[in-house]
Structure formats: C-alpha cells, structure tokens
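Chemist: This is the structure I have questions about; it appears just below.
The values are calculated or read from the model by the stated rules, or taken from the named source; none is laboratory data. Fair warning: this is a prediction, and the values are worked out from it, not measured in the lab. Cβ placement follows ideal geometry from the backbone for every residue including glycine, while neighbour counts extend to all protein chains displayed.
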Amino acid sequence: MTDRSSSPEVRNPVLSLPATARLLALPPETRAIVAAVMRDLSVDARQRAQESWRRNKGPMAVYWKAVGAYAGHLYRAVRP
C-alpha cells in the first residue's frame, strides 16, 4: 500500500474549489459562524446516515454520509 499524500488539497479536496477562497476571504467572525453551521450540518447528516442505514435505506444513507463528509471538509477549511 502506498502512503497517502500529506498535501492539504489531497486531505481536504474542498480547498481546491474557487468558492473556498471566497470563504477564506471573509472576516474571522463571519468564518466562525459559517464553520459552526457546517459543523452542525456535519453532525446532523452523519446521524441521519446512521439512522438511514439502520432502517435499510442504503441510498439515503450514502446521500447523508456524503453531505456529512462535505460539510466536515468545509468546516475544517473555513474555521478561523
């Protein structure tokens, strides 16, 4: 197995999006609010994924898992 790159853009693919640069240009107070919303969204989406999986709703579980992953990446990208 090969080692995974430690480049930030590989670890967090959201960093390579043009919209992320706009988020990073926001004032720290605003970024803190956006980060908190993304964190809450990530936690909620991951809980919904677990519940969907438990109820044998595979497609919805995958959807919520993806939402949680992207929200988590955005949280880590914009937190001040």
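Chemist: Check whether at least one residue in segment 61-70 is under 22 Å from Ala25 (Cα atoms) and either in a helix (DSSP H, G or I) or not basic (Lys, Arg) (or both), and report yes or no.
Modeler: For segment 61-70, residues under 22 Å from Ala25 (Cα atoms) and either in a helix (DSSP H, G or I) or not basic (Lys, Arg) (or both): present.
Chemist: Still on this structure: Give Pro18, Pro27 a once-over and let me know the one that is at pLDDT below 95 and at negative phi.
Modeler: After applying the criteria, what remains is Pro18.
Chemist: Can you pull out every residue in segment 1-31 that is touching a residue at least 40 places away in the same chain (Cβ under 8 Å) and either within 13 Å of Arg76 (Cβ to Cβ) or surrounded by 14 or more Cβ atoms within 10 Å (Cβ to Cβ) (or both)?
Modeler: Across segment 1-31, the qualifying residues are Asn12, Pro13, Val14, Leu15, Thr20, Leu23, Leu24, Leu26, Arg31.
Chemist: Counting just the residues of segment 44-80 that are loosely packed, with under 14 Cβ neighbours inside 10 Å and of a type in the set (A, V, I, L, M, F, W, C), which one comes out farthest from Ser16 (Cα to Cα)?
Modeler: The selected residue is Val62.
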